[in-house]
1. What pairs come out if I take residues in the range 101-120 that are in a helix (DSSP H, G or I) and pair them with residues that are of a type in the set (D, E, K, R) and open to solvent by less than 40 Å² (accessible area, probe 1.4 Å) whose C-beta lies under 8 Å away, six or more apart or interchain?
2. Leu83 passes all but one of (1) within 24 Å of Thr227 (Cβ to Cβ); (2) open to solvent by less than 70 Å² (accessible area, probe 1.4 Å); which number fails?
3. Of the residues that make up the range 127-139, is at least one under 23 Å from His184 (Cα atoms), part of a helix (DSSP H, G or I) and either touching a residue at least 40 places away in the same chain (Cβ under 8 Å) or among the aliphatic types (A, V, I, L, M) (or both)?
4. Working only within the range 19-40, note down all residues that are more than 23 Å from Leu87 (Cα to Cα) and open to solvent by 60 Å² or more (accessible area, probe 1.4 Å).
5. Please work out if Thr157 is buried (at least 20 other Cβ atoms within 10 Å of the Cβ), under 18 Å from Ala107 (Cβ atoms), of a type in the set (Val, Ile, Thr) and at pLDDT 85 or above.
6. In the list Ala126, Ala143, which residue meets the criterion of being among the aliphatic types (A, V, I, L, M), open to solvent by 30 Å² or more (accessible area, probe 1.4 Å) and over 24 Å from the mean Cα position of the chain (by Cα)?
7. Looking only at the range 71-80, which residues are surrounded by 13 or more Cβ atoms within 10 Å (Cβ to Cβ) and at pLDDT below 95?
Amino acid sequence: MNLRPVGPMPLSGQIHRQLMDAILDGTLTGALPSERELAETFGANRHAVREAIKRLQQGNLVEVNQGGATRVLDIPAHAGLDLLPELVIARGTFNDEATVGVLELRACIGADAARLCAERSPHVGAQLLDLLPHDAMSDAELAATGAAYWTALVTGTNSLPYRLALNTLMAGLEAIDDSPTAKHFMAALRDESRRTADLEQLARAITRSDPAAAHATATRLLNTSITAVRNAADRP
């Protein structure tokens, strides 16, 4: 592990970030050092170390054994979707491969949500038509309108699990947006959000209760960002 002393701003958060990065990149496996050893390494107090480990435990990244060693857990077997933002931005560096995986998950959920919305809530189509972007929108307005569009569509599935999945994905996108290394990713999402013709076609498919067309249109629309991120990653 390449751990280093932390600075004066919230210590537990900085310790958590370093430990989590080390777990995600595979340099920290097996048993964690003791609280005392970690406190000495980070130049921090044991309370801050304990709080950091508690956050790792809440994220199902470690297993805390009372009176025994705290052990790193297998990520695929134990972690949840709330880890997605951390996979995409690790050690401050944007991970294109992980991002494509997130976008593929988003495309699957979004396309099926469009299908379900067309089957169950065709009236939502009119709401979606009112949320189409226009050229005069700023990037912030575009993001807000896009979020409202997909929130309305997913709500139209009448499925709480799909709505919760959307919340997780949107929280991840907000975290990614804060990274200066993710500019090409956010540009791809903005380009997708400006595809007014596809968004309108999707809304009209929902309005006429055409689940097959809604699924196909949403798949085509959401796959544009996957292609854009892959192409950006391939450029030198």
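The values are calculated or read from the model by the stated rules, or taken from the named source; none is laboratory data. Everything numeric here is computed off the predicted structure, so don't read it as measured data. Here the Cβ positions follow ideal geometry from the backbone for every residue, glycine too, while neighbour counts run over all protein chains shown. Note: accessible area is taken over every heavy atom of the protein model, side chains too, but ligands, DNA and RNA are not part of it. Shrake-Rupley method; radii C 1.70, N 1.55, O 1.52, S 1.80 Å.
1. none
2. (1)
3. Yes, because at least one residue in the range 127-139 is under 23 Å from His184 (Cα atoms), part of a helix (DSSP H, G or I) and either touching a residue at least 40 places away in the same chain (Cβ under 8 Å) or among the aliphatic types (A, V, I, L, M) (or both).
4. Answer for the range 19-40, where residues must be more than 23 Å from Leu87 (Cα to Cα) and open to solvent by 60 Å² or more (accessible area, probe 1.4 Å): Arg36, Glu37, Glu40.
5. yes
6. Being among the aliphatic types (A, V, I, L, M), open to solvent by 30 Å² or more (accessible area, probe 1.4 Å) and over 24 Å from the mean Cα position of the chain (by Cα) holds for just one of Ala126, Ala143, which is Ala126.
7. Listed by number, the residues that qualify are Ile75, His78, Ala79.
Rundown of residues vs (1) polar (S, T, N, Q); (2) part of a helix (DSSP H, G or I); (3) modelled with pLDDT under 90; (4) within 24 Å of Glu97 (Cβ to Cβ), yes/no style:
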{"residue": "Val6", "(1), (2), (3), (4)": "no, no, yes, no"}
{"residue": "Ser12", "(1), (2), (3), (4)": "yes, yes, no, no"}
{"residue": "Thr27", "(1), (2), (3), (4)": "yes, no, no, yes"}
{"residue": "Thr41", "(1), (2), (3), (4)": "yes, yes, no, no"}
{"residue": "Glu51", "(1), (2), (3), (4)": "no, yes, no, no"}
